[in-house]
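In what follows, a single structure is set out as structure tokens and then discussed.
Derivation of every value follows stated rules applied to the coordinates shown; laboratory data play no part. Not measured: the values here are computed from a predicted model. Note that each Cβ is placed from the backbone with ideal geometry, even for glycine, and that neighbours are counted across all protein chains shown.
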Amino acid sequence: MNPYKEVERLASSVAGRDIRGSFPPEGKGDYAFPLGFLLAREFGKKPEEAAREAAEKLRHPLLAEVKVEGGYVNVFFDRDEFLKSVWEEAVDPNYGRGEGGKAFVIDYSSPNIAKPMHVGHLRSTILGEAVKRILSWRGHRAIGLNYLGDIGTQFGALIVAFKRWVDEERLRKDPIKELLRIYVKFHEEAERDPSLEEEARKEFEKLERGDPENVALWKRFRELSLEGFERIYRRLGVSFDVVVGESDFVEEARKVSRELLEKGMAKIWEEGDKKGAIVADLEGEGLNHPVLLKSDGTTIYLSRDLASLLWRVREFNPDVLLYVVAIEQNLHFRQLFTVAKKLGVDRELVHLAFGMVHVEGMRLSTRRGQVVFLEDILDTAVNHVREEMMKRGTYSAEDAERVGVSSVVFWMLKAEPKKDVTFRWKDVTSFTGESGPYVQYAYVRAKNILRKAGEANTSPLTPEGEEWEIVKKVALFPLVLEEVEKKYTPHLLARYLLDLSSAFHHFYDHNRVLGDPREPLRLWIVKAVKNVLEIGQELLAMKPPERM
């Protein structure tokens, strides 16, 4: 049993409810519980008096001392017992694994066909991959699903643009950039000639109806795009269990839209631009009347997503359907989940929303060509890391690639999902700041010590000073994973790895390990830190390097 969890269990039995500990001010204890505040009313006493009574009930071999501070009960661990409780677990390659039994379908990445993957896709791709890995580590069945944007009105625009302006030579050399060029040109021209929008609408309608020429173009766009996506996924170490497209659900979307109409959950709109369309009746939920099926019979995001959601329930029987999609789609997912519930879907539906990515303050817009290509981002990161490693005399192409790509991954994951991210190279690839390379450098330092130590034995001594601080941090790892598992928040793991790395760097700089009288304990500390950092990197989809 993890020492923190064991003491929380004890405190919970005293409180009569589940309670989590916190960390008191330095010198005030190792862990603290607000028992006095929780029990004051029940005991009919002031918080400090209630805390004193609760403290009398906290007895355990893990605890050396218990003190009361106001309404808090602060505990001091018995360091020998604490170390004993994590001695084997913390150096086990399966440290932090759980026994969860839920099934998750996690929708992430979901790039649009015929458009380049840019830095804005990175948050969904890596956030989803990290959540999938962590949930799997915690014992759940986590199914990663890439739901491609391979249908929609933008294909009408692209078909018009392709027929009018494509340069076959450019298409042969760099298909994705050429498709982007003509897509941007379409929107520039449409601002001057609005009739192009109507032409695009008709081309999309022809595509949905199976027009051979348009279907052939669509297939070409899809194949070219998938080749480019797969190259980037391999580089990021991202994989999916299932890849489907919106196009797979067009017919089912029409059926479910008509089903909602027949059941009185939708209606025919009678006026304005939406006249003749089938709309969901969500006015009672304050979600208006979103379109399900346009008046010309073409489907829309909501109906296709609804059909896909129902398929996921039938196909995978999940407990939770998790969508890793930008915060700007909040309304869409509120509407989608509400309609799904009306149809009897009884699963947990979660929109893991994330904020925007800014590159030096510029918001991304594919329509206007303001795109920072993801592949260029990765190349630039690797180049920055290469320069730093060459200064240090530790350069290898493989490690530069690992650290460079991981620096981008970590930068996107360390921020709370709902917050925006601003991308600056000096911060992203720093070897000394709050960055991926900083974490990986701690890992490499630990690995180097172990390489020199060879088969040296470890044995417990009473931890002191910085030793004790690191032992406590190492023991926190399973609790951090448990929190991420509950809230789908990998940034908590990233911040923890930064904190552990900082403590280890300080320990490394001020304490000798090999040849020191306290080597038996310190060598175990190095092994535990290396193990936690290795597992943590893997869970965040980072690639541990050999040298830095």
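Worth pointing out:
- Bridge orientation summary for the chain: considering DSSP beta bridges with both residues in this region, about 45 percent are antiparallel.
- Applied to segment 405-421, the Karplus parametrisation 6.51 cos²θ - 1.76 cosθ + 1.60 on θ = phi - 60° returns per-residue 3J(HN,Hα) values of 5, 5, 5, 5, 4, 5, 4, 6, 8, 6, 8, 4, x, 6, 8, 5, 10 Hz, with x for Gly and Pro.
- Couplings for segment 193-203, taken from phi via the Karplus curve 6.51 cos²θ - 1.76 cosθ + 1.60 with θ = phi - 60°, read 10, x, 5, 5, 5, 5, 4, 5, 4, 5, 5 Hz in order; Gly and Pro are left as x.
- Helix 175-192 axis versus longest C-alpha principal axis of the chain: approximately 60°, rounded to the nearest ten.
- Highest mean first, the peptides 99-106, 59-66 sorted by other C-beta atoms within 10 Å per residue fall in the order 99-106, 59-66.
- Angle between the chain longest axis and helix 212-236 axis [Cα atoms, degrees, rounded to 10]: 20
- Per-pair calculated FRET efficiency, R0 = 51 Å: ASP499 and ARG220 via Cβ, rounded to 0.05: 0.55
- Packing-based ranking of 518-529, 229-240 yields 518-529, 229-240, ordered from highest to lowest mean Cβ neighbour count within 10 Å.
- Gain upon complete extension [GLU315, ARG97; 0.36 nm per residue less C-alpha separation]: 75.8 nm
- Rounded, prolate or oblate (a/c below 1.5 giving rounded, otherwise prolate when a/b exceeds b/c) for segment 27-119 by Cα gyration tensor: prolate
- Taking the average, over residues, of other Cβ atoms within 10 Å as the packing measure, peptides 139-152, 393-406 rank 139-152, 393-406 from highest down.
- Residue list for segment 293-337, given a label point 7 angstrom along the Cα-to-Cβ vector of ASP273 and an amide N cut-off under 15 Å: 294-296, 301
- On Cα atoms only, tilt of 153-165 relative to the major axis of the chain in degrees: 60
- Share, in percent, of DSSP beta bridges within segment 108-359 that are antiparallel, nearest 5: 35
- Debye-formula intensities of the chain, expressed as log10 I(q)/I(0) at q = 0.08, 0.13 Å⁻¹, are -0.66, -1.28 (one equal scatterer per alpha-carbon, no solvent).
- For segment 34-92 and segment 186-214, distance of Cα centres in Å: 68
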